[in-house]
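Here the structure comes first, spelled out in structure tokens, and everything after it is commentary.
Derivation of every value follows stated rules applied to the coordinates shown; laboratory data play no part. For clarity, every value in this text was computed on a predicted model and none was experimentally measured. Glycine gets a Cβ as well: all are built from the backbone with ideal geometry, and neighbour counts include every protein chain shown.
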Amino acid sequence: MLRPITICVLTLTCALAALAQADPKNPGQSKPDLNGTWMLDRDRSNVGKSSNPPAKTDELKITHHEPELGIRRTLLINGQEVEREFIYYTDGRGETNAATVWLSTSPNPKSTPRPTDETKSKTRWRGNMLVTRSAIRMMVGSHVVEYEVIEEWKLSADGKTLTQTTGFNFQQDPMSGSIYVPSNRPDDKRVYRLVSK
């Protein structure tokens with residue numbers, strides 16, 4: 001008598017699990033597939049001016065196998081093109097990558113960035129948006145400046161547009177109680193279009 005009941009319970013459990021996976025409103029569904037080669041659409045972004053032909057720095061190559069996400073891109077460091085790979089873990093375990101955001105207090109553009117700078121961050125899904133948070137700390141004169149960089153990645157419904165938004169939250173200086181704000185500007189927005197999968 002117990003055996004048929006056990007089989008029935010197991011069958012029902014499997015059926016419910018299959019229905020849960022098939023339900024598009026289920027938050028446990030697989031996350032967006034960010035794999036592919038992406039090209040920056042400067043006309044739809046608020047960074048830089050359009051270049052023709054597109055620069056190497058406009059391209060992203062993303063390899064995405066949950067929970068690991070790799071981004072290969074070319075950066076302009078001290079006037080030189082340098083290719084770098086960045087690895088993120090979407091389960092929040094944390095990662096250390098070469099720095100991609102720098103805040104300079106020097107008028108000399110060649111004084112920063114230092115290629116050895118690193119950034120520690122944590123990455124998690126918030127619904128269908130991928131969010132990476134990192135904390136940056138530096139000295140400005142005699143003041144310590146701390147700020148949080150928040151990067152959000154969102155894929156369009158048709159899978160052909162990837163939008164990256166980068167925001168900066170400056171923290172209060174524990175010594176003076178003031179908040180250092182270098183400029184009043186909107187978040188950086190980069191819109192990428194899919195070139196190939």
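Output the pairs from LYS120/LYS197; LYS56/LYS197; LYS122/LYS197 with a Cα-Cα distance over 23 Å in this structure; if there are none, say none. The pairs that break the limit, which is 23 Å between Cα atoms, are LYS120/LYS197; LYS122/LYS197. The fewest-to-most ranking of LEU75, LEU130, LEU34 by surrounding Cβ atoms within 10 Å reads LEU75, LEU34, LEU130.
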